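S.K.: Pasting a structure here, questions to come.
The values are calculated or read from the model by the stated rules, or taken from the named source; none is laboratory data. If you're wondering where the values come from, they're calculated on a predicted model, not measured in any experiment. FYI the Cβ positions are ideal-geometry reconstructions off the backbone, even for glycines, and counts take in every protein chain you see. The area values use the complete protein model at the heavy-atom level, side chains included, leaving out ligands, DNA and RNA. Shrake-Rupley method; radii C 1.70, N 1.55, O 1.52, S 1.80 Å.
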Amino acid sequence: GSEMCIRDSLTHATLPALPEPEPAPLNFLDLLPKLQTCLIVGPQNSGKTSLLHNIAHHRKQAGIVLALDPHSSHWPAGVTIVGAGRDYGSIATVLGKLATLLDTRYKRQQGGKLVTLVCDEWLSIVDNTPQAADRLKLILTEGRKVNIHLFLGSHTDRARQLGLTGLADLRDGMSLVY
């Protein structure tokens with residue numbers, strides 16, 4: 001009789017739940033070759049520029065890297081820097097040429113060599129560069145199919161400030177790093 005009682009109490013016992021195993025940490029740099037659009041957000045001195053430099057360094061081995069940066073000309077060797085010294089006219093020109101390249105690639109129905117656009121200080125660019133917001137929308141919606149990838153550094157992830165008023169879904173489609 002006592003053996004039966006012990007078995008019954010064990011079958012009805014509630015065991016504490018085992019903790020879920022921790023997911024293996026991901027190395028962001030290992031994911032870089034797969035990312036097509038990425039928004040890097042953080043306050044001043046949080047490492048956005050350092051991360052963008054690292055991305056540019058790794059991406060230049062796979063194709064052309066253009067760095068739009070109105071505040072600095074210090075980027076890794078092999079990266080084409082556009083806009084240093086607050087040269088927003090040069091930034092506008094390059095964004096226009098990227099739109100033309102995108103059109104050309106679609107007309108030829110060929111992707112072409114990978115072009116990675118790395119933009120630091122995006123809020124300054126969108127505030128001071130005509131059509132920057134429209135070019136951003138174009139690259140976000142159509143760039144990946146023709147091998148044009150985009151990485152933005154910003155102090156905010158708010159769609160309106162990024163130049164994506166009413167288009168938060170475009171921002172949400174980007175890989176986000178905070």
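S.K.: Going through the range 37-87 one residue at a time, which ones are touching a helix residue (DSSP H, G or I) at 6+ places or on another chain (Cβ under 6 Å), closer than 25 Å to ARG158 by Cβ and open to solvent by 70 Å² or more (accessible area, probe 1.4 Å)?
M.R.: Answer for the range 37-87, where residues must be touching a helix residue (DSSP H, G or I) at 6+ places or on another chain (Cβ under 6 Å), closer than 25 Å to ARG158 by Cβ and open to solvent by 70 Å² or more (accessible area, probe 1.4 Å): there is none.
S.K.: Looking at the range 67-96, I want the residues that are at positive phi and without any contact (Cβ under 8 Å) to a residue 24 or more places away in the chain and have a partner that is open to solvent by 20 Å² or more (accessible area, probe 1.4 Å) and among the polar types (S, T, N, Q) with Cβ atoms under 9 Å, at least 6 apart or on another chain. Which pairs are those?
M.R.: From residues that are at positive phi and without any contact (Cβ under 8 Å) to a residue 24 or more places away in the chain, the pairs are GLY78/GLN61; GLY85/SER73.
S.K.: Quickly run through the range 168-178 and pick out the residues that are out of contact with any helix residue (DSSP H, G or I) (no Cβ under 6 Å at 6 or more places or on another chain) and either among the hydrophobic types (A, V, I, L, M, F, W, C) or in a helix (DSSP H, G or I) (or both). Give the derivation first.
M.R.: Of the range 168-178, the ones out of contact with any helix residue (DSSP H, G or I) (no Cβ under 6 Å at 6 or more places or on another chain) are 169, 172-178.
Correct list: ASP169, ASP172, MET174, LEU176, VAL177.
S.K.: Here is a follow-up. Could you grab me the full set of residues in the range 83-116 that are farther than 14 Å from ALA132 by Cα and either hydrophobic (A, V, I, L, M, F, W, C) or under 20 Å from the mean Cα position of the chain (by Cα) (or both)?
M.R.: ALA84, LEU101, LEU102, GLY111, LYS113, LEU114, VAL115, THR116
S.K.: Let me ask something additional. Of everything in the range 143-160 that's under 17 Å from LEU66 (Cβ atoms) and assigned to a helix (DSSP H, G or I), which residue is nearest to the chain's Cα centre (by Cα)?
M.R.: ARG144
S.K.: A further question follows. Just checking, does the range 136-148 include any residue being farther than 24 Å from ASN54 by Cα, among the aliphatic types (A, V, I, L, M) and surrounded by 18 or more Cβ atoms within 10 Å (Cβ to Cβ)?
M.R.: Checking the range 136-148: not a single residue is farther than 24 Å from ASN54 by Cα, among the aliphatic types (A, V, I, L, M) and surrounded by 18 or more Cβ atoms within 10 Å (Cβ to Cβ).
S.K.: Also, I was wondering about something else. Test each condition in (1) free of Cβ contacts under 8 Å to residues at least 12 places away in the same chain; (2) within 14 Å of PRO70 (Cα to Cα) for GLN109 and report the one that comes out false.
M.R.: The single condition GLN109 does not satisfy is (2).
S.K.: Moving to a separate point now. I'd like to know if the range 15-30 contains one or more residues that are closer than 25 Å to GLY173 by Cβ and at pLDDT 90 or above.
M.R.: From the range 15-30, those closer than 25 Å to GLY173 by Cβ are 23, 25-30; that's our starting set.
Among the residues that remain, those that are also at pLDDT 90 or above are: none.
Among the residues of the range 15-30, not one is closer than 25 Å to GLY173 by Cβ and at pLDDT 90 or above, which makes the answer no.
S.K.: If you check THR93, THR129, THR104, which single one turns out to be open to solvent by 70 Å² or more (accessible area, probe 1.4 Å) and of a type in the set (S, T, N, Q)?
M.R.: Details: THR129 fails: open to solvent by 70 Å² or more (accessible area, probe 1.4 Å); THR104 fails: open to solvent by 70 Å² or more (accessible area, probe 1.4 Å).
Unique residue meeting the criteria: THR93.
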